[in-house]
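Q: Got a structure here, written out as structure tokens. Questions coming.
The values are calculated or read from the model by the stated rules, or taken from the named source; none is laboratory data. Given the structure is predicted, the values throughout are model-derived calculations rather than measurements. Cβ placement follows ideal geometry from the backbone for every residue including glycine, while neighbour counts extend to all protein chains displayed. In case anyone asks, the SASA skips ligands and DNA or RNA and just uses the protein heavy atoms, side chains included. Shrake-Rupley method; radii C 1.70, N 1.55, O 1.52, S 1.80 Å.
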Amino acid sequence: MELRQLEYFVAVAEEANFTRAAARVHISQSGVSAQIRALERELGAELIDRSGGTATLTTAGQAALAHARATLAAADSVRQSVDDVAGLLRGSVRIGMVTACTVPQLFDALARFRSAYPGVELALQEGNSDRLVADVRSGELDLALVGVAARAPDGLESMVIIEERICAAVSPNHPLASLERATLAQVNHYPVVSLPVGTGVRAVFDRDCAGAGLPPSIPLQASAPDAVADLAARGLGVAILSASMLDTYGDRLTVVELADSTTAALLALVWTPKPNAASARFVSMTLDAYGSTAI
């Protein structure tokens, strides 16, 4: 008994027609018929009644059908298991990371994965969040750590790592430095220093300003939070960054809460809904790495 014989038998049973079954399994009708005849001889019973206009199951055929389907499913599971192992031995994982973001947990996961699966090719690239999300959607990347506004992107698997508000930050001699809280209108009275369009923090700021009917003035943009903070520290404008990005600038900048900013800035891990074996294992390791801090 061969698996292909069971496959042809199931095809004829489900199509109730030898011609359609032959087209489904991509061989000739005579080939399907010959293989089923061989199966019937081996089992010692007729499985298909060919006397009418349709191919119908005999009593023996009805009894055999469920077992044939189960055998084929088991064979598929064996193939999938072998493919998964092969994928972990020879696969690749393409990872995206938001530009200039310090992500020790992601790096920890990379190190553990490399140690466990040295044969898997790893590729890491930086980019702005919009581009990274688009690349995960298109299959150019397997997963990415991105900054987004309000919620994780639709259509992708995701886990939110950090959820926080954006803040303003100014040099100690700036007019806003005496305030603990300021409105978006007060902030936009001055030049704003921001991350570029396509980043999560910028998406939050633009969304909140649009909701307040304010056209922001952003003459200075930089891709790295360090650069945004450095420009603001020199008195060139009001920096807009997330709260965690401003943790290390307390000696140079005064942080001012935004009273009417309501949109959450999220750092999220996103990945394709059906990752390959190597990518699925790396996602699992990354989720474990973030497990103690993720929300």
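Q: Of the conditions (1) open to solvent by 60 Å² or more (accessible area, probe 1.4 Å); (2) of a type outside the set (A, V, I, L, M); (3) within 23 Å of Pro153 (Cβ to Cβ), His189 fails just one. Which one is it?
A: Tallying (1) open to solvent by 60 Å² or more (accessible area, probe 1.4 Å); (2) of a type outside the set (A, V, I, L, M); (3) within 23 Å of Pro153 (Cβ to Cβ), His189 fails exactly one: (3).
Q: Has the stretch 198-206 got any residue that is touching a residue at least 24 places away in the same chain (Cβ under 8 Å), in a loop (DSSP other than H, G, I, E, B) and within 29 Å of Pro275 (Cβ to Cβ)?
A: Looking through the stretch 198-206, at least one residue is touching a residue at least 24 places away in the same chain (Cβ under 8 Å), in a loop (DSSP other than H, G, I, E, B) and within 29 Å of Pro275 (Cβ to Cβ).
Q: Just to be sure I understand, how many residues within the stretch 14-35 are open to solvent by less than 50 Å² (accessible area, probe 1.4 Å) and over 18 Å from Gly53 (Cα atoms)?
A: Of the residues in that region, 3 qualify.
Q: Could you please give the count of residues in the stretch 286-295 that are surrounded by 17 or more Cβ atoms within 10 Å (Cβ to Cβ) and either free of Cβ contacts under 8 Å to residues at least 40 places away in the same chain or out of contact with any strand residue (DSSP E or B) (no Cβ under 7 Å at 6 or more places or on another chain) (or both)?
A: Residues that pass the stated criteria total 1.
Q: Further, regarding this structure: From the list Arg112, Arg137, Arg94, which residue is assigned to a strand (DSSP E or B), open to solvent by 20 Å² or more (accessible area, probe 1.4 Å) and at pLDDT 90 or above? Full working, then the answer.
A: Values: Arg112 fails: assigned to a strand (DSSP E or B); Arg137 fails: assigned to a strand (DSSP E or B).
Result of the check over Arg112, Arg137, Arg94: Arg94.
Q: Follow-up question, since we're still on this one. Only one of Val238, Val204 is surrounded by 22 or more Cβ atoms within 10 Å (Cβ to Cβ), modelled with pLDDT of 95 or more and within 28 Å of Ser158 (Cα to Cα). Can you tell me which?
A: Criteria check complete, one pass: Val204.
Q: Mind telling me which of the residues Leu89, Leu72 ends up being open to solvent by 50 Å² or more (accessible area, probe 1.4 Å) and modelled with pLDDT under 90?
A: That would be Leu89, the only listed residue that is open to solvent by 50 Å² or more (accessible area, probe 1.4 Å) and modelled with pLDDT under 90.
Q: If you go through the stretch 249-284 one residue at a time, how many are part of a loop (DSSP other than H, G, I, E, B) and open to solvent by 20 Å² or more (accessible area, probe 1.4 Å)?
A: The total comes to 11.
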